[in-house]
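Structure, as structure tokens:
The values are calculated or read from the model by the stated rules, or taken from the named source; none is laboratory data. Quick caveat: nothing in here was measured; it's all calculated off a predicted structure. With ideal geometry, Cβ positions are generated from the backbone for all residues, glycine too; neighbour counts draw on all protein chains shown. What goes into the accessible areas is simple: the full protein's heavy atoms, side chains included, and nothing from ligands, DNA or RNA. Shrake-Rupley method; radii C 1.70, N 1.55, O 1.52, S 1.80 Å.
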Amino acid sequence: MTDASGHALALEHITHRFGDMVAASNINLDIKPGELVSLLGPSGCGKTTLLKIIAGFLRPTEGDVLVDGAAITHIPPNRRRIGIVFQNYALFPHMTVADNVGYGLAAAGRPKGEIAATVKEMLDVVQMSAFGDRLPRQLSGGQQQRVALARCLAIRPRILLLDEPFSALDKNLRLDMQIEIKRLQRQSGITTVLVTHDQEEALSISDRIAVLSRGILEQLAAPSEIYDRPRTLFVNTFVGTANLIEGIVAAKTKSDTGVRIGDAVIDTNLPTYLAVGDPILLSVRPESVRLSKAAGGLPVRIRAVMPIGPSQIYDVLLADGTPVKVVQDRAASAPDLTADSDAFLVIDGRRISGLFTNPDPTPGA
Amino acid sequence: MAAAATEKSREWQLALPLTAFFALFFVAPLLLVIGISFQATRRMTGGLGLNQYAAFLGDSLNVEVLTDTLLLGVKATLLCLIFGYPLAWLFTRVSAKLQSLLIFLVILPIVTSVVVRTFAWIVILGRHGMVNDTIVALGLSAQPLHLLFSEAGVVIVLTQVQMPLMVLPLITVLQRIDPNLASASSALGAGAWRTFFKITLPLSMPGIIAGTILTYTACVTAFVTQSLIGGSRLLYMPMMIFQQAMDLQNWPFAAAVSVIFMISVLLIVALLVALSRGRAARLYG
Amino acid sequence: MPFPISRRHLLAGSAALAGMSALPRGVFAADELVAATFGGTWANVQKEILAPYFSKKSGATVVQSPMLATAQIAKLTAAKGGPAPFDVAMLDEGPALEAIDAGLIAKYDAAKSPNFAGLYPQFQGEYGPAITMQAIGIAYNPKTVKTPPTSWADLWKPEYKGRVGITSLASTLGLAFLLDINRLEGGTEADMTPAFKKLKTLLPNLAAVSANFGAHGALFRQNEIDIGVQNFNFAEELKAKGVPIEFVRVSTGTPAWKTTMHVVKGALKPDLAYAYVDSQLAPDVQAAMQKTPWNVVPTSTKVPYEGIVASKIAKTPDDLKKMVFFDWKKVNQGRAAWTQQFNREIRV
């Protein structure tokens with residue numbers, strides 16, 4: 001569809017301050033040609049600031065933005081050939097769909113015939129050919145987004161930026177559009193940066209995810225790694241659901257750590273830099289633990305049982321009162337695991353998601 | 001449900017006091033003026049006719065005064081737009097603190113008495129006023145310029161005095177324009193001028209038209225400014241009406257001049273409204 | 001007579017214009033008279049001298065409402081048939097004739113006004129007494145005009161290019177000036193062609209034609225004009241206030257007119273109205289008003305001419321008779337056409 005594939009994007013030591021507030025602190029990102037990277041984090045984490053810096057709407061206090069190794073930091077946005085789709089699509093309300101899509105080409109001074117041909121091609125790509133004469137306000141949210149995407153792709157940008165592209169869509173449409181965008185992105189091979197606060201969206205669509213918190217890049221990794229091996233406690237809790245269980249380092253080797261929780265010791269295959277006897281937090285995903293009536297593991301009390309589709313969610317309490325969530329197949333669950341009954345929580349030391357310094361240990365735990 | 005419907009059906013009564021006020025203090029005097037304009041003689045002895053209208057149109061001086069007045073409004077309104085638009089645009093782009101300062105400066109003319117304002121301008125524009133002293137001191141002109149009692153002076157003062165009427169609607173409209181639109185335009189490769197002419201300007205058209213209507217009607221009817229800054233050698237419609245009604249006690253003629261003036265201004269406003277309707281329909285449906 | 005404009009006057013004017021004056025006058029306190037006055041000097045002098053004298057004599061109070069003569073006529077016309085908006089009118093000769101013609105003024109009953117008989121006969125009008133004479137001449141700035149002017153012709157001197165000020169025909173001042181030019185050029189009230197012809201040649205010298213008297217006075221203060229037509233009382237008042245201005249009478253005869261006071265038809269307080277007008281005729285009042293800075297020319301036989309009035313206007317009653325007077329009846333007939341022609345001739 002376009003020849004826009006294959007541009008590398010890099011952020012080098014990007015720092016941005018608004019007065020005393022540090023919105024981005026020494027961010028380094030290396031995005032490979034054709035890659036789709038999500039900037040994920042809660043509001044105020046600096047992801048939108050980074051997007052604006054890449055697009056050129058903001059000039060960073062320090063650091064550089066590079067495309068294919070060349071710094072573009074001092075180039076104004078209209079000369080960057082970096083396309084952006086805004087959260088609210090920002091379609092020009094006084095122009096037809098076709099005029100919107102052709103806007104960038106007209107700005108570049110392309111001949112009318114070429115503009116018309118490209119507009120047609122782009123509208124075909126986003127399946128909006130029938131809507132060229134409509135005004136933006138006559139379109140649904142999903143249709144507007146397709147137009148915004150077509151408008152952006154029409155200038156064959158080197159980089160595509162998507163600012164919370166799915167947040168304004170209703171849930172059913174959201175999945176369709178995610179698939180659609182992923183397909184278009186794959187097909188064109190355009191390097192794409194997507195900003196989102198929705199971890200599910202980031203996990204499902206990205207090649208890699210950059211998790212940001214308070215202007216700091218917490219982790220840049222593939223979705224599975226972010227989920228399975230979060231590098232920081234923040235990533236661990238922000239992405240997916242995590243059960244955090246307090247323990248004490250019981251034993252350690254270079255690669256493994258034994259964690260004592262209550263009377264039990266769980267042997268994990270993760271290293272720690274903490275010393276034996278230090279308090280530690282063990283994080284485990286709900287789907288990585290198992291409930292059993294048979295003795296073995298940590299004794300728990302089941303507080304609630306919720307069937308969700310094919311799965312069963314259990315809300316249980318450890319002996320010290322720590323709440324833990326458990327998700328397991330309904331088929332694999334014993335029928336006698338009922339609310340207000342006692343059971344045992346089995347933690348597989350090889351399936352835990354992380355070991356972290358306990359920032360706030362409960363005394364006597 | 002029934003109660004709600006009844007309540008709804010009674011809501012129109014809320015408009016009654018205003019309607020009565022308008023009927024009593026606007027519609028009734030207006031009808032009176034229109035009625036008087038058909039009186040054939042100055043003494044209003046009862047004979048009706050189009051004599052007054054014929055008298056107005058029969059003297060080229062009157063028609064010239066009318067066109068002068070309508071053109072004066074065009075000049076002052078254009079100047080208001082040219083100065084007011086950047087000011088309004090700036091307003092949408094500065095900090096809240098600067099915004100309060102700007103808005104204060106913008107509405108200052110409204111909160112000053114028209115006579116005080118106008119006399120201040122007489123002092124400023126006079127032969128020995130601030131402007132001329134500066135011009136002569138800078139050597140820009142050997143002689144003081146004729147600003148007072150000139151159309152240029154009237155236009156300058158009208159521009160200052162009526163500026164809020166232009167700027168306030170512009171601010172309202174410009175603030176409503178999504179800033180992402182300008183960003184999107186820029187990211188699509190458009191320079192600042194293209195973004196302004198293709199995006200910002202068309203989208204601010206409703207504000208331009210609203211401001212133009214308000215400013216224009218205020219400028220052409222600005223009796224005090226026109227007569228005090230312009231002096232007697234520049235004659236505009238409001239002064240002509242005043243002359244006829246007050247100096248000469250010729251109410252039928254004054255009424256006819258008023259009606260002709262009102263219709264002329266209404267036609268211009270109607271044209272602008274039609275323009276804005278077309279624009280608004282496209283923008284907001 | 002013209003007077004300095006103020007917002008109040010404008011409002012009064014526009015209110016009359018809007019027909020608001022048709023609203024009946026409210027119910028005033030039992031003993032409150034409403035009297036029209038001119039603005040500026042007249043409002044001041046009548047407030048300071050006439051009002052206290054009247055209150056002391058009658059025990060009533062007075063509200064003095066400054067209004068253009070034409071605004072007074074407009075209000076009275078609008079209120080015709082109903083209660084009058086004010087009880088006492090104050091008018092120049094031309095507008096007075098118009099008001100009498102329009103039936104807005106009641107005949108003046110001399111029996112109700114003890115001081116009336118004390119006036120010189122020419123001031124004992126059938127519809128009301130003249131309370132002063134107003135005279136016009138040339139006022140100039142002695143700092144910039146070294147040779148005192150002596151006649152209207154001086155205004156045409158090339159050295160005064162762009163420095164001369166006159167007023168429009170809306171004021172009696174402007175009207176009297178034009179009439180006198182016409183007289184000197186050989187015209188009559190029936191034929192103003194010579195005046196307009198002469199006026200055209202004055203255009204290069206004109207710095208301003210003020211729309212009203214207030215603006216005209218301000219122009220002298222701001223050095224916007226150095227020389228121009230002016231009214232004796234106003235020039236002397238400006239001078240008393242420290243404005244560099246000198247008043248001279250022109251050698252060809254001083255144009256002058258009477259200013260009169262009237263009890264209006266349908267006055268709500270006719271008795272108080274007579275008491276008020278009579279107070280203005282009282283020798284004590286006229287003597288006080290003759291003092292500087294007012295210099296109001298007395299009309300009572302019991303007040304001898306003194307001070308600036310004596311040195312500049314009249315030493316004896318006969319001096320007043322030697323002034324130049326116009327036929328205001330004819331003036332009123334021609335005024336509408338002259339106004340339109342004046343508009344046309346002076347237009348930039």
Which residues, taken from the range C:211-247, are within 12 Å of chain B (Cβ to nearest Cβ), touching a helix residue (DSSP H, G or I) at 6+ places or on another chain (Cβ under 9 Å) and of a type in the set (S, T, N, Q)? C:212, C:222
Scanning the range A:234-251 residue by residue, the ones that are open to solvent by 50 Å² or more (accessible area, probe 1.4 Å) and either among the hydroxyl-bearing types (Ser, Thr, Tyr) or not in a strand (DSSP E or B) (or both) total 3
Can you confirm whether residue A:126 is within 12 Å of chain B (Cβ to nearest Cβ) and buried (at least 18 other Cβ atoms within 10 Å of the Cβ)? no
Does any residue of the range B:173-194 turn out to be touching a residue at least 24 places away in the same chain (Cβ under 8 Å), within 30 Å of residue A:76 (Cβ to Cβ), away from chain A (no Cβ under 14 Å) and not hydroxyl-bearing (Ser, Thr, Tyr)? yes
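Which ranges mark the strands (runs of 3 or more DSSP E) fully within the range A:258-365 that have 2 or more residues being in contact with an Asp or Glu (Cβ under 8 Å, 6 or more places away or on another chain)?
Passing ranges, in order: A:264-268, A:279-284, A:289-292, A:298-308, A:311-318, A:323-329.
Quickly run through the range B:91-119 and pick out the residues that are surrounded by 14 or more Cβ atoms within 10 Å (Cβ to Cβ) and either aromatic (Phe, Trp, Tyr) or away from chain C (no Cβ under 12 Å) (or both). Show your work before the answer.
Step one: list which residues in the range B:91-119 are surrounded by 14 or more Cβ atoms within 10 Å (Cβ to Cβ), which gives B:91-92, B:99, B:102-103, B:106-107, B:109-110, B:114-115, B:117-119.
Those that are surrounded by 14 or more Cβ atoms within 10 Å (Cβ to Cβ) and either aromatic (Phe, Trp, Tyr) or away from chain C (no Cβ under 12 Å) (or both): B:91, B:92, B:99, B:102, B:103, B:106, B:107, B:109, B:110, B:119.
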Of the conditions (1) part of a loop (DSSP other than H, G, I, E, B); (2) under 12 Å from residue A:215 (Cβ atoms), residue A:15 satisfies every one except a single condition; which number is it? (1)
Could you grab me the full set of residues in the range C:294-337 that are within 14 Å of chain B (Cβ to nearest Cβ) and either open to solvent by 20 Å² or more (accessible area, probe 1.4 Å) or without any contact (Cβ under 8 Å) to a residue 12 or more places away in the chain (or both)? C:332, C:333, C:335, C:336, C:337
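Need a quick list: strands (runs of 3 or more DSSP E) entirely within the range C:171-276 having at least 2 residues that are under 30 Å from residue C:35 (Cα atoms), at pLDDT 95 or above and open to solvent by 10 Å² or more (accessible area, probe 1.4 Å).
Values: elements: C:206-210, C:227-231, C:246-248, C:256-263.
Result: C:256-263.
Go through A:266, A:308, A:280, A:248 for me and flag whichever is closer than 14 Å to residue A:325 by Cβ and outside the structural domain of residue A:224 (by TED's automatic domain parsing). Lay out the reasoning, then the answer.
Working: A:266 fails: closer than 14 Å to residue A:325 by Cβ; A:280 fails: closer than 14 Å to residue A:325 by Cβ; A:248 fails: closer than 14 Å to residue A:325 by Cβ.
The unique qualifying residue is A:308.
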Only one of B:32, B:66, B:79 is part of a helix (DSSP H, G or I) and open to solvent by 80 Å² or more (accessible area, probe 1.4 Å); which? B:32
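Would it be correct to say that residue B:212 is farther than 30 Å from residue C:341 by Cβ, surrounded by fewer than 24 Cβ atoms within 10 Å (Cβ to Cβ) and either in contact with a Pro (Cβ under 8 Å, 6 or more places away or on another chain) or at pLDDT 90 or above (or both)? Lay out the reasoning, then the answer.
Values: farther than 30 Å from residue C:341 by Cβ: yes; surrounded by fewer than 24 Cβ atoms within 10 Å (Cβ to Cβ): no; either in contact with a Pro (Cβ under 8 Å, 6 or more places away or on another chain) or at pLDDT 90 or above (or both): yes.
No: the conditions fail for residue B:212.
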Any chance you could count how many residues in the range B:92-112 are in contact (Cβ under 8 Å) with a residue 12 or more places away in the chain and of a type in the set (S, T, N, Q)? 1
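Here is a check on your reading of the model: is residue B:145 away from chain A (no Cβ under 14 Å) and buried (at least 18 other Cβ atoms within 10 Å of the Cβ)?
Numbers: away from chain A (no Cβ under 14 Å): yes; buried (at least 18 other Cβ atoms within 10 Å of the Cβ): no.
No, not satisfied.
Looking at the range C:34-78 only, could you name the residues that are within 14 Å of chain B (Cβ to nearest Cβ) and either buried (at least 22 other Cβ atoms within 10 Å of the Cβ) or under 18 Å from residue C:259 (Cβ atoms) (or both)?
Filtering the range C:34-78 for residues within 14 Å of chain B (Cβ to nearest Cβ) gives C:39, C:67-78.
The answer is C:39, C:67, C:68, C:69, C:70, C:71, C:72, C:73, C:74, C:75, C:76.
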Condition check for residue B:117: of a type in the set (D, E, K, R) and either in contact with a His (Cβ under 8 Å, 6 or more places away or on another chain) or under 24 Å from residue B:216 (Cβ atoms) (or both): yes
Could we say that residue A:60 is farther than 21 Å from residue B:196 by Cβ and either touching a helix residue (DSSP H, G or I) at 6+ places or on another chain (Cβ under 6 Å) or within 14 Å of chain B (Cβ to nearest Cβ) (or both) here? yes
